[in-house]
Each structure stands twice: as structure tokens, then as C-alpha cells.
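Participant: Encoded as C-alpha cells, here's the structure I'll be asking about.
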Amino acid sequence: MQIAMIAFTAVGRHLTERIQKLCPHDEFTVFTEKIPAADWVAATFRNVDAFIFVGATGIAVRLCAPHLQSKAKDPAVLVLDEKGQHVIPLISGHIGGANKLAVKLASLLGAKAVLTTATDLNNVFAVDVWAVQAGCTIPDTGQIKHISSELLAGKTVGFASDFPVEGELPEGVEREGNFRAGICVSLDGTRRPWPYTVNVIPRIAVIGAGCRRNTDSERFAAFAESTAMKHNISLHAVHTLASIDVKHDEVCLKEFATRYGLTFTTFSAEALRAVSGTFDASGFVYETVGVDNVCERAALAGQSDKAALIVSKTKQDGMTLAFSIQKWVCRF
């Protein structure tokens, strides 16, 4: 975990040193007063997983406020008093992991974690915490409150999954049913089984891509988006964009990966030829880059043998796409 820490007193700085020793597996960036604190926070805020302030809560609020975007994007923000007696998760308690980190630090420091989220206080299932643990994303985090409020009121919420489910559903969560709110686990982020639906999307998909040199970025993005929509695949389900190594500097691919927060990876022709399976072969492509198919093979390259194509080679104006997913189980 990448953690930034800032303290304003000698006692507070001693606490940051103590935290670093107690968390040897984390990487730390520590404020040194070489630049104003506000400038340091501005430069650091989007580049770490967690921010730890040692000092007054008010200072932390004022320094972070200009940089806050949403619970889905903000890093975990915690505040500790300089004596290390209390650990307060201030921002991104669930999705960002602030509550979890607060409990961990409290245990290591012999401090008290001051949790204020209602689901934690009442030991109620938190769908956003579970989604993070399961490797999923929730595109519309505004719907989470409806699940939490129903469960906190002692009501039942629905649950639907396009994937196998292992383990017992949490208390207050039932399969299907005519409920006000529910949780839908699917690659399709548009499914709405209930009036208030939290769409939970496993990040298990890879896009394999090929294109002519200097393909326009907007044309490629529109093609990828329309292909995903046609097959009811949310791009939030995708974690990697893959192609052949001669495309390592292709602007349209790099920009698409950046736009959607994807890892962009490429494979040699030799590595792609080694991918087993039956593919839509092209003699022209083989003569050009040394492998008979780029998109389908790239979608599967580097994945386990449990991965499978869910969208085969799709062509449009010199561009090709294929989608694969890794086998996944919804576990509780």
C-alpha cells in the first residue's frame, strides 16, 4: 500500500516514524516541510492509496477538501492525534479502505479506532466493503445508501448473480424477491431488478485489440464502447487492454487504456502464437505481424486456462476487438 503521512509537531513526526516501523510492507511518502503543506497534499493526494494526518481533524478537512471527488475515487484519509490514542477514518471508509486501515493501525498502536459508519457500528453487511474484497467495482456508488438504509432498518434486500455463488448470503440479503432495493452481480451494469439496484461488476475481463497504425483515438473508443454495449458488458468489468508488441506505442490504444483506467500490455508474436485455441485466422495479418490473429489471442494471453472468449473477433474499419473473462465465483 502507498501511504502518505503528514505531521505538524515533533511528537507527531515521532508517531509517523513509529507507524513506518510497524508497517514494513507498506511504502511511505512523508511530508518534510520543504514546500507548503497545501501544495504537498495537492501534489500527493491522487498518487497514494491512503493519507494519514497526525494532528487536528480540522486541518485534515481543509487540506483535503479541494481534492475530493467521490467515494469511488478518493484515497483513504485517516486522522490520528499526536499521542496515537485515536485513529479516525475520515474519508473513503469502505471502498478506499480507511476503516480497515484504521482498525489495523489501532491494533498496532494500542489505540482506539473511531468508526462512525452505521453499518460498522451495527454489524450490518456493507455491500461496498464486500465488493472491494471480491475484486469488484460499483459504478454508481450513490445507490449504496439504499442497501444500507434498508438493512439498518431491519428490512430485506434482494440479491441476483450471473455467476455461481458460494457461501451463505449475509443476514438480510435474499435471492431475487420483490424488494425495494437489491444487489445485482453481473458484467451488465444496466440491469435493474429492483427500483434501487446496486450493480456490482467483477473486474475479470480483458480486451484484445488490433488496429491500423495511427487509428483515430475517438474512433477506436467509440468502437470499443459500442461493442461492449452490444454484448451487455460494462467497461467497468475490464481491467486490461492487450495487443501485440508492435502496437506498444499506438496512441489510440494507450489513450483508451488511460481513459478507462486499464492496464495496457502487449505480447510478442511468438507469445501470441503460443496461445492455444481455435481462432479467426487471417493470412494477411500473419504476413504483416507474424501471427494469424491478434485480438483473440491477446485477449487470452497471460491469462489462466480458465479464461474464455465471450466476444470473438469483431471488425470495423481496420480495427479488431475480442473480449475474454476469467472464471469467477461470487463468494461470501
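Participant: Just for region 41-67: of the residues that are in a loop (DSSP other than H, G, I, E, B) and over 19 Å from GLN2 (Cα atoms), which one is most open to solvent (accessible area, probe 1.4 Å)? Give the derivation first.
Facilitator: Kept after step one, since they are in a loop (DSSP other than H, G, I, E, B), are these residues of region 41-67: 48-49, 55-56.
Keeping just the survivors that are over 19 Å from GLN2 (Cα atoms) gives 55-56.
Numbers: GLY55: 27, ALA56: 54 Å².
Selected residue: ALA56.
Participant: Residue check: is LEU68 closer than 26 Å to ILE144 by Cβ and free of Cβ contacts under 8 Å to residues at least 24 places away in the same chain?
Facilitator: Values: closer than 26 Å to ILE144 by Cβ: yes; free of Cβ contacts under 8 Å to residues at least 24 places away in the same chain: yes.
Yes.
Participant: Taking region 254-304 as the region of interest, how many residues are open to solvent by less than 60 Å² (accessible area, probe 1.4 Å), under 21 Å from the mean Cα position of the chain (by Cα) and of a type in the set (Ser, Thr, Tyr)?
Facilitator: Going through region 254-304 one residue at a time, the tally reaches 2.
Participant: Taking the condition farther than 23 Å from ALA237 by Cα and within 22 Å of the chain's Cα centre (by Cα), does SER161 pass? Break it down into steps so the answer makes sense when it comes.
Facilitator: Working: farther than 23 Å from ALA237 by Cα: no; within 22 Å of the chain's Cα centre (by Cα): yes.
No; evaluated as a whole, the condition is false for this residue.
Participant: Let me ask another. When you scan region 161-230 for strands (runs of 3 or more DSSP E) that lie fully inside it, which ones turn up with 2 or more residues that are closer than 29 Å to ASP249 by Cα? Outline the logic, then answer.
Facilitator: Numbers: elements: 173-175, 181-185, 196-202, 205-211.
It comes to 205-211.
Participant: Next question. Name the single residue, out of those in region 206-225 being under 18 Å from ALA298 (Cβ atoms), in contact (Cβ under 8 Å) with a residue 60 or more places away in the chain and not aliphatic (A, V, I, L, M), that is most open to solvent (accessible area, probe 1.4 Å).
Facilitator: ARG212
Participant: Could you check region 1-46 and list, in sequence order, the residues that are more than 22 Å from HIS86 (Cα to Cα) and of a type in the set (D, E, K, R)?
Facilitator: Across region 1-46, the qualifying residues are GLU27, GLU33, LYS34, ASP39, ARG46.
Participant: Now for a different question. Would you call ALA322 crowded, with 19+ Cβ neighbours inside 10 Å and in a helix (DSSP H, G or I)? Steps first, please.
Facilitator: Working: crowded, with 19+ Cβ neighbours inside 10 Å: yes; in a helix (DSSP H, G or I): no.
Against the criterion (crowded, with 19+ Cβ neighbours inside 10 Å and in a helix (DSSP H, G or I)), ALA322 does not qualify.
Participant: Contact list please: Cβ distance under 6 Å, first residue in region 315-332 and over 21 Å from ILE183 (Cβ atoms), second residue of a type in the set (Asp, Glu) and open to solvent by 40 Å² or more (accessible area, probe 1.4 Å), pairs at least six apart or on different chains.
Facilitator: none
Participant: Can you tell me how many residues in region 3-40 are open to solvent by 70 Å² or more (accessible area, probe 1.4 Å) and part of a strand (DSSP E or B)?
Facilitator: 1
Participant: Something else: Limited to region 305-316, what total is found for residues that are touching a Phe, Trp or Tyr at 6+ places or on another chain (Cβ under 8 Å) and either open to solvent by 20 Å² or more (accessible area, probe 1.4 Å) or within 14 Å of LYS247 (Cβ to Cβ) (or both)? Break it down into steps so the answer makes sense when it comes.
Facilitator: Our first condition is that a residue be touching a Phe, Trp or Tyr at 6+ places or on another chain (Cβ under 8 Å); within region 305-316, this holds for 309-311, 313, 316.
Among the residues that remain, those that are also either open to solvent by 20 Å² or more (accessible area, probe 1.4 Å) or within 14 Å of LYS247 (Cβ to Cβ) (or both) are: 309-310, 313, 316.
Final tally of qualifying residues: 4.
The values are calculated or read from the model by the stated rules, or taken from the named source; none is laboratory data. As the structure is a computational prediction, the values presented were derived from the model and not from experiment. Counting neighbours? That spans all protein chains shown, and the Cβs are built from the backbone with ideal geometry, glycine included. In case anyone asks, the SASA skips ligands and DNA or RNA and just uses the protein heavy atoms, side chains included. Shrake-Rupley method; radii C 1.70, N 1.55, O 1.52, S 1.80 Å.
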